[in-house]
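Report on the structure given below.
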Amino acid sequence: MKTIKVAVAGNPNSGKSTLINAIAGTNLYVGNWPGVTVEKKTATFKVDDLTIDLVDLPGTYSLSPYTQEEIIARDFIVKEKPDIIIDVVDSTNLERNLYLAIQLLELGIPVVVALNIYDEAKKKGYEINTNAMEQLLGIKVVPTVATRKEGIKELLQAIKEIADSPDKFRPRILNYGADVENALKIIENGIRQSRKELIEIYPIRWLCLKLLEEDERVLKETGFTGEEEFLKKAKSHILKAQEEDIESMLAEIRYGIAHGITQEVLRKKDVARIDLTQKIDKIVLNRYLGIPIFLAIMWLAFKLAFDFSQPFSDWIDGLISGPIKRWATVGLNALNSPEWLVSLVTDGIITGVGAVLVFVPLIGIIMFLMTLLEGSGYMARAAFVMDRLMHFIGLHGKSFIPLVLGFGCNVPSIYATRVLETERDRKLTAMICPPISCGARLPVYVLFIGAFFTANGATVLWSLYILGIIMGIVVGFILKNTLFKGPTPPFIMELPPYRIPTLRDLRIHTWQKLKHFLIKAGTFIFASSIVFWFLLNTPYGVEKENSYLGKIGQTVSPVFEPLGFGNWQATSALITGVIAKEVVVTTMAEIYVPEKKEEKEQPAFSEEIKNIFAGFVSAVGEAFYNVFSRFGISAWETEEQPEELQNKLQTVFTPLSAYAFLVFVLLYLPCLTFAFTLRAEFGWKTLGWVLIIYLILPWITAFVVYQGGRLLGLE
């Protein structure tokens, strides 16, 4: 049984991900490339007696080492030496895509060009002579339509043929002109005489080209300085005949070859019509309508996600906090388990699992809709219309989408940063997400507004949302000029044609992101929930004030004295609020208004099973009812807060200290789910900076609000 390694390369928007899904399907494993946040997809499967290890390289326009994606793709091909490269080419943009193909040929590895989106090319009246293309490049060329799995069988057959006779399918060496070819011979001879061992490490023609271009990464890796005699001789030979720098000259040569090949193999019929993409773009990219249409589409996606997911999240929450906890309690009591163990399992472990699972419907639907918008081609338009506004904080238009999602939940915001091209943009966007007020903060707002601001509650609520936006802009502006100092990287936005993504593709992408959340973030959330149980319940059976959490609250509370709420109860509530913001209300209720335990009749097991299924059916009905009958966003609706708790708060807080408390709740770390999602995506260092920023910022802001209010006589 023979095993080969196949790398899949291609431009962004060439349909590469769809082709990967069509080839590998559910065999795909998704992770991150070592040391970076760029997604890595791999799969292993068999074709007859051949085992294929498939590796999806990040989408790039070239192999120049200017972006993280380009460096990853290039390093993998050069250092891992795959047996075959599949180059996914957009048939409707042949010339532009061939630039990458020509760079891949320089590596001397057998290449198969997958002429993807072939159906759209034919609709445009394009005729591509694949036989001529194969002869000109010396490689296999296979037309494909990934959305319909057309050409996949032929593509795999081409891979099998190459695997059987790799030397037969070595790509043709394209002539770059007499001056360049003579310079490459000089460099090759110099390498063979001085550093012969490099020939075993690097593809020789590619290495010579990189040394001729004075590629900094290659010079550093090989130990050359660029001042070696044979390199100076090769460069001087070219510079005598060329006025421009060598790197630009080689780029022009490659583009020239791409243009020449396109002229040879592509024929366009005269199609006198404006296609659908142009018609839609006249509306959605209109200078006056573009932003309102974008905001309307995002609001609709926002509403669909939160309205549709809320009943299922409630059902999961009810299932875990009700029947699952009751069954666990009954089972543990039957085993004569001690009371503390019952509490640990039910309130610690099961609650921890629930804290992860309740996010699944929301994140799943958000990721589904994000993939739909991206796959349809609209996401690129959204980036275009919002680009100018986002440049103020050193970001591009695409960064606005994750921030908008933060108004419902900050966790999907982190996953939504994956639509951004660079690690800098992903990190900077993620680091300004926390002040965007999510739906989980609303129960706290409603509790305090009901207790202190009933006359002007709408204004207070509005002020908190606006303050969150302002603080996000402030943090972004500061980070742009400190941690991310430097010019905003250039961002060339390609506007692909509108397409309808397949349900299979959407399903695979959504599941990949959900699985990533459940495995990565879920592990940390689960462990942290158990830790918090121990803090709240040990020593077991004591009053909350004497628990470890109560003692920590008493120790830390002086820090909050200048903010107007320096008591252990408020401090303890803020500490537990790290789990989830709505837990602030739960903790305050337990401390100020202890629940009176009442014996309730337990329903029969069969009755509970019946209720579970009935609850799910009800959730389905409610989800569709929410989507089609409500104008508001149901995830923001909260139950009426208990009057007894509000009365108690009025004896502890003043209106001014209450507002300062709300400001702190708005600005400090959203929740553990957010924290560990951030860590899973960007690592501990980024999480560390976020923790520092969003402990200092809320304290300073709440201090200014409270002490400033006192100076103005508002208390």
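The values are calculated or read from the model by the stated rules, or taken from the named source; none is laboratory data. Quick caveat, the model's predicted, so the values are computed rather than measured. Please note: Cβ atoms are built from the backbone with ideal geometry, for glycine as well, and neighbour counts cover all protein chains shown.
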Condition met for ILE363 (closer than 21 Å to SER309 by Cα and in the same structural domain as THR587 (by TED's automatic domain parsing)): yes
Looking only at residues that are surrounded by 23 or more Cβ atoms within 10 Å (Cβ to Cβ) and at pLDDT 80 or above in segment 400-424, which one is farthest from ASN286 (Cα to Cα)? VAL411
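Can ILE700 be described as modelled with pLDDT of 90 or more, in a helix (DSSP H, G or I) and exposed (fewer than 14 other Cβ atoms within 10 Å of the Cβ)? Working first, answer last.
Values: modelled with pLDDT of 90 or more: yes; in a helix (DSSP H, G or I): yes; exposed (fewer than 14 other Cβ atoms within 10 Å of the Cβ): yes.
For ILE700, the condition - modelled with pLDDT of 90 or more, in a helix (DSSP H, G or I) and exposed (fewer than 14 other Cβ atoms within 10 Å of the Cβ) - is met.
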If you check ARG418 against the conditions, is it over 22 Å from GLY364 (Cβ atoms), in a helix (DSSP H, G or I) and assigned by TED's automatic domain parsing to the domain that holds LEU687? no
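Hand me the list of helices (runs of 4 or more DSSP H) wholly inside segment 336-391 holding 1 or more residues that are under 16 Å from the mean Cα position of the chain (by Cα) and farther than 30 Å from THR277 by Cβ. Working first, answer last.
Working: elements: 339-343, 351-357, 360-376, 378-390.
Output list reads 360-376.
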Test result for ILE238, among the β-branched types (Val, Ile, Thr), part of a helix (DSSP H, G or I) and either modelled with pLDDT of 90 or more or touching a Phe, Trp or Tyr at 6+ places or on another chain (Cβ under 6 Å) (or both): no
Members of segment 342-382 that are more than 15 Å from ILE297 (Cα to Cα) and among the hydroxyl-bearing types (Ser, Thr, Tyr): SER343, THR346, THR351
As an exercise: evaluate SER399 against (1) of a type in the set (Ser, Thr, Tyr); (2) without any contact (Cβ under 8 Å) to a residue 40 or more places away in the chain; (3) more than 18 Å from PHE674 (Cα to Cα) and give the number of the one condition it does not meet. (3)
Can LYS210 be described as closer than 19 Å to LYS81 by Cβ and either exposed (fewer than 15 other Cβ atoms within 10 Å of the Cβ) or out of contact with any strand residue (DSSP E or B) (no Cβ under 9 Å at 6 or more places or on another chain) (or both)? yes
If I ask for residues that are closer than 21 Å to TYR445 by Cα and either among the small types (Gly, Ala, Ser) or in contact with a Ser or Thr (Cβ under 8 Å, 6 or more places away or on another chain) (or both), which ones from segment 666-707 would you list? LEU666, LEU667, LEU672, ALA702, TYR706
Filter segment 646-693 for residues that are surrounded by fewer than 20 Cβ atoms within 10 Å (Cβ to Cβ) and closer than 22 Å to LEU362 by Cβ and give the result. ARG679
Filter result for ILE109 (buried (at least 19 other Cβ atoms within 10 Å of the Cβ), of a type in the set (Val, Ile, Thr) and on the phi > 0 side of the Ramachandran plot): no
Within segment 512-554, residues being closer than 19 Å to LEU369 by Cα and at pLDDT 80 or above number 0
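Of the residues that sit in segment 625-680 and are of a type in the set (Ser, Thr, Tyr) and at pLDDT below 90, which one is farthest from GLY354 (Cα to Cα)?
First, the residues of segment 625-680 that are of a type in the set (Ser, Thr, Tyr): 625, 629, 634, 638, 651, 654, 657, 659, 668, 673, 677.
The next check asks that each one be at pLDDT below 90; those that pass are 625, 629, 634, 638, 651, 673, 677.
On the way: TYR625: 25, SER629: 29, SER634: 21, THR638: 19, THR651: 34, THR673: 12, THR677: 16 Å.
Of everything passing the filter in segment 625-680, THR651 is farthest from GLY354 (Cα to Cα).
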